[in-house]
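**Student:** Please read through the structure below; I'll follow up with questions.
The values are calculated or read from the model by the stated rules, or taken from the named source; none is laboratory data. Just so it is clear, the structure is predicted and the values come from calculations on it, not from any experiment. FYI the Cβ positions are ideal-geometry reconstructions off the backbone, even for glycines, and counts take in every protein chain you see. Note: areas computed on protein heavy atoms with side chains; ligands, DNA, RNA excluded. Shrake-Rupley method; radii C 1.70, N 1.55, O 1.52, S 1.80 Å.
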Amino acid sequence: MNPKRLLALTRAGIMESLYFRLGIFVTLFANLIYLVLVYYLWKAIYASSGTDVVNGMTFTDTMIYLILATAIFNFLEMFVVWDMSRSIQSGKIVLDLLKPMRYRKYTFWSYTGNHVVQFFLTFVPTFIVVMIVTHGAIKFGLNIIWFLVATVFALIINYNIEMLVAPICLFTESTWGINIVKETIVLLLSGATIPLAFFPEKIRMIVQYLPFRAVYDIPLSILLGKSGSDTWDGLLKLFGLQIVWLIVLTVAGNIFWNCAVKKITVNGG
Amino acid sequence: MEEAVVMKNVCKDFKVLNRHEGLKGSIKDLFSRDYKTVSAVKDVTMTVNRGEIIGYLGPNGAGKSTTIKIMTGVLEPTSGEILVNGKVPYKNRTENCENIGVVFGQRSQLWWSLPLIESFKLLKDLYMVPEKEYDDMIALYRSLVDIEPILHKPVRQMSLGQRTLSDILAAFLHNPAIVFLDEPTIGLDVSMKSKIRELILGLNKEKNTTVILTTHDMGDVDALCKRIVIIDKGMKIYDNDIDHLKNYFGSYRTLKLKLADDTWEEMLIDEKTTDVMDVIMEKQKEKKIKDVKILEISTEEVIRKIYEGGTK
């Protein structure tokens, strides 16, 4: 384990992301359109419900939640599935396997640079705008630090979910459908499109313990002081859930990847 | 340790699904368990010594790339023993990678949107090359080729020749014991080809790097390799010095005759069985001969004959 290697990969990732500067602005613009849509959709939902508070959340609560969820989604988004299927089909994967680092580690650290860039260029500005518009509806204290820790866990969990899906393309030779299914499941069950509070009671009970929640809902809840994260007890529970999934998925991802590599090395991919 | 690569009876089989024809066949294939085994490499035994440049030749689909993938550790051989730098490559892939460099002529391992120098810096950290060695290497590069114009150019803006050159430099950067070059001169112009040959030769001389080169350009072979190994249909059919190659099918000479109508007639003559003078005399009876040339057979011709005729 040499931190210099990892930092070098992150640094190159940052430079590569910044090279596509137009892409960053396009992402920001696309977000804006998406958020306008979300705004009017939820405005209609609240108007038709007849009350100000739905499932314990006011309209402002919901908007803050969804805007920040979109911002987190943008900087946690990974394209492991696309990239891996492309490099397997083109045979480029050989070059990645010939790096003097374990493949999983190598790819993870190749993505971190992009996350850093997206964090500062999409999440931070969005967060500041939300802070200003809502006049301090978000507490600004220790929760910021816990949020950052939870985000790092979320990042690793998300990577491992991707790594569990990506090698499937070795067996199916196509990933498009699988990737769409994965994306939909993650977006729905993680609370990135609909706050988990809006789920029917029974489904919420199950979803609460699934790993997808650990990616978007938990960091967000910690940031907003929800789901009992304002008490030590609640905070520990949320982190505990994240850590359990992190370990389970890392181990599972490792095993699955080793099988996949075996297929490449034995049958040439 | 004198040997860079030792291979003993290495075989590699692939399992391929037997595909059926037509729509009905495609549906049948969904559930088919009907596999056939394709042998890509059959019983190859060879040794590559340290500091050698060997040409690894064979027609398309002969199993060259498969062998290279076995040597780099990306593929596991079905049977046989292999040692690269004294280690089994597929068991210690990451470790093995620290001591080898690879260039695939068709692909680039460089960071597409970054200037070349950034790729170099990144590779330096990835392979944990000490600062001083890195500086020495860059200095050596400067002395061998003019790298100034490409050093600060993003790889995506480079011409194919510049990119190949950069890829070769990148493969040598961590001073590996062995460098695999898979068709490095494919698609390059004449002057770039000779530049790249000079570079490979220079690096091999300075660093005593073992180079395993596959190519279809006999110019590369003539310029670089002292020894060549030829495989066809997965089997090794030739392994010797390049000088021996010319006598592989006997002592051949190309005889060129300029006839009365100013056309050149070419023929390949085996000096062991036919006498060149006899042929000329025979021809002279039919037509008037204006000029005569006797040429040594080119590497290209021998190789072509080997590819076409298989084994002796």
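**Student:** Mind checking which residues of the range A:175-190 are over 22 Å from residue A:250 (Cα atoms) and open to solvent by less than 60 Å² (accessible area, probe 1.4 Å)?
**Tutor:** Matches in the range A:175-190: A:177 only.
**Student:** (1) more than 14 Å from chain A (Cβ to nearest Cβ); (2) touching a residue at least 60 places away in the same chain (Cβ under 8 Å); (3) assigned to a helix (DSSP H, G or I); (4) open to solvent by less than 20 Å² (accessible area, probe 1.4 Å): which one isn't true of residue B:184, the others all being true?
**Tutor:** If we test residue B:184 against (1) more than 14 Å from chain A (Cβ to nearest Cβ); (2) touching a residue at least 60 places away in the same chain (Cβ under 8 Å); (3) assigned to a helix (DSSP H, G or I); (4) open to solvent by less than 20 Å² (accessible area, probe 1.4 Å), just (3) comes out false.
**Student:** Somewhere in the range B:227-241, is a residue polar (S, T, N, Q) and part of a strand (DSSP E or B)?
**Tutor:** Taking the range B:227-241 first, the residues polar (S, T, N, Q) are B:240.
Subsequent filtering for residues that are part of a strand (DSSP E or B) retains B:240.
Looking through the range B:227-241, at least one residue is polar (S, T, N, Q) and part of a strand (DSSP E or B).
**Student:** Sticking with this structure for a sec: For the range B:43-67, enumerate the residues that are in contact with a Cys (Cβ under 9 Å, 6 or more places away or on another chain) and surrounded by fewer than 17 Cβ atoms within 10 Å (Cβ to Cβ).
**Tutor:** B:43
**Student:** Name the residue, out of A:84, A:78, that is in contact with a Cys (Cβ under 7 Å, 6 or more places away or on another chain) and either away from chain B (no Cβ under 11 Å) or at negative phi (or both). Break it down into steps so the answer makes sense when it comes.
**Tutor:** On the way: A:78 fails: in contact with a Cys (Cβ under 7 Å, 6 or more places away or on another chain).
A:84 is the lone residue from the list that is in contact with a Cys (Cβ under 7 Å, 6 or more places away or on another chain) and either away from chain B (no Cβ under 11 Å) or at negative phi (or both).
**Student:** Quick test for you: out of A:265, A:175, pick the one residue that is at pLDDT below 85, out of contact with any Leu (no Cβ under 9 Å at 6 or more places or on another chain) and among the polar types (S, T, N, Q). Reasoning before the result, please.
**Tutor:** Numbers: A:265 fails: out of contact with any Leu (no Cβ under 9 Å at 6 or more places or on another chain).
Among A:265, A:175, only A:175 is at pLDDT below 85, out of contact with any Leu (no Cβ under 9 Å at 6 or more places or on another chain) and among the polar types (S, T, N, Q).
**Student:** Residue check: is residue A:106 open to solvent by less than 30 Å² (accessible area, probe 1.4 Å), within 19 Å of residue A:155 (Cα to Cα) and within 14 Å of chain B (Cβ to nearest Cβ)? I'd like the intermediate steps shown before the answer.
**Tutor:** Working: open to solvent by less than 30 Å² (accessible area, probe 1.4 Å): yes; within 19 Å of residue A:155 (Cα to Cα): yes; within 14 Å of chain B (Cβ to nearest Cβ): yes.
Considered against the rule, which asks whether it is open to solvent by less than 30 Å² (accessible area, probe 1.4 Å), within 19 Å of residue A:155 (Cα to Cα) and within 14 Å of chain B (Cβ to nearest Cβ), residue A:106 comes out as yes.
**Student:** For the range A:15-44, which positions are surrounded by fewer than 17 Cβ atoms within 10 Å (Cβ to Cβ), among the aliphatic types (A, V, I, L, M) and within 12 Å of chain B (Cβ to nearest Cβ)?
**Tutor:** Answer for the range A:15-44, where residues must be surrounded by fewer than 17 Cβ atoms within 10 Å (Cβ to Cβ), among the aliphatic types (A, V, I, L, M) and within 12 Å of chain B (Cβ to nearest Cβ): just A:18.
**Student:** What number of residues in the range B:279-305 are free of Cβ contacts under 8 Å to residues at least 40 places away in the same chain, open to solvent by less than 100 Å² (accessible area, probe 1.4 Å) and within 27 Å of residue B:57 (Cβ to Cβ)?
**Tutor:** Pass one, the range B:279-305, residues free of Cβ contacts under 8 Å to residues at least 40 places away in the same chain: B:279-293, B:304.
Still in the list and also open to solvent by less than 100 Å² (accessible area, probe 1.4 Å): B:279-280, B:283, B:289, B:291-293.
This time we only want the ones that are within 27 Å of residue B:57 (Cβ to Cβ), so: none.
Adding up the residues that qualify gives 0.
**Student:** Does the range A:87-101 include one or more residues that are β-branched (Val, Ile, Thr), modelled with pLDDT of 85 or more and surrounded by 18 or more Cβ atoms within 10 Å (Cβ to Cβ)? So that I can check it myself, show each step before the final result.
**Tutor:** Filtering the range A:87-101 down to residues β-branched (Val, Ile, Thr) leaves A:88, A:93-94.
Now narrow it down to the ones that are modelled with pLDDT of 85 or more: A:93-94.
Of the ones still in play, those that are also surrounded by 18 or more Cβ atoms within 10 Å (Cβ to Cβ) are A:93-94.
Yes, the range A:87-101 has at least one match.
**Student:** Take the residues of the range A:46-55 that are open to solvent by less than 60 Å² (accessible area, probe 1.4 Å) and assigned to a helix (DSSP H, G or I): which is modelled with the lowest pLDDT? Let's see the steps before the verdict.
**Tutor:** Filtering the range A:46-55 for residues open to solvent by less than 60 Å² (accessible area, probe 1.4 Å) gives A:46, A:49, A:54.
Filter again for assigned to a helix (DSSP H, G or I), leaving A:46, A:49.
Numbers: A:46: 89, A:49: 84.
Across the range A:46-55, the extreme among qualifying residues is A:49.
**Student:** Quick check on the range B:115-146: of everything there that is within 14 Å of chain A (Cβ to nearest Cβ) and under 26 Å from the mean Cα position of the chain (by Cα), which residue is most open to solvent (accessible area, probe 1.4 Å)? Reasoning before the result, please.
**Tutor:** Kept after step one, since they are within 14 Å of chain A (Cβ to nearest Cβ), are these residues of the range B:115-146: B:115-131, B:134.
If we keep only those that are under 26 Å from the mean Cα position of the chain (by Cα) as well, we get B:116, B:119-120, B:123, B:127.
Values: B:116: 0, B:119: 0, B:120: 0, B:123: 3, B:127: 34 Å².
Top of the filtered list is B:127.
**Student:** Return the total of residues in the range B:17-37 being part of a strand (DSSP E or B) and open to solvent by less than 60 Å² (accessible area, probe 1.4 Å). Walk me through it before giving the result.
**Tutor:** If we filter the range B:17-37 for residues that are part of a strand (DSSP E or B), which is where we start, we get B:17, B:35-37.
The next check asks that each one be open to solvent by less than 60 Å² (accessible area, probe 1.4 Å); those that pass are B:17.
Qualifying residue count, the range B:17-37: 1.
**Student:** Which condition number in (1) among the charged types (D, E, K, R); (2) modelled with pLDDT of 90 or more; (3) open to solvent by 30 Å² or more (accessible area, probe 1.4 Å) is the one that residue B:261 fails?
**Tutor:** That leaves (2) as the condition not met.
**Student:** Ok, one more. Helices (runs of 4 or more DSSP H) wholly in the range A:111-177 with at least 3 residues that are closer than 25 Å to residue A:237 by Cα - which ones?
**Tutor:** On the way: elements: A:124-133, A:142-165, A:169-172.
Qualifying helices (runs of 4 or more DSSP H): A:142-165.
**Student:** Let me ask something else. Of all residues in the range B:68-88, which are in a loop (DSSP other than H, G, I, E, B) and either open to solvent by 40 Å² or more (accessible area, probe 1.4 Å) or over 22 Å from residue B:105 (Cα atoms) (or both)? Walk me through how you get there before you give the answer.
**Tutor:** Just the residues of the range B:68-88 that are in a loop (DSSP other than H, G, I, E, B), to begin with: B:73-78, B:85-86, B:88.
B:76, B:77, B:78, B:85, B:86, B:88, listed by residue number.
**Student:** Right, another one. Inside the range B:72-81, can you point out the residues that are more than 13 Å from chain A (Cβ to nearest Cβ) and either at positive phi or not charged (D, E, K, R) (or both)? If you could, list the steps in order and put the result at the bottom.
**Tutor:** Taking the range B:72-81 and keeping what is more than 13 Å from chain A (Cβ to nearest Cβ), we get B:80-81.
Scanning the range B:72-81 gives a single hit, B:80.
**Student:** Here are the criteria: (1) of a type outside the set (Gly, Ala, Ser); (2) open to solvent by less than 80 Å² (accessible area, probe 1.4 Å); (3) more than 14 Å from chain B (Cβ to nearest Cβ); (4) not in a loop (DSSP other than H, G, I, E, B). Tell me which single one residue A:5 does not satisfy.
**Tutor:** Residue A:5 satisfies every listed condition except (3).
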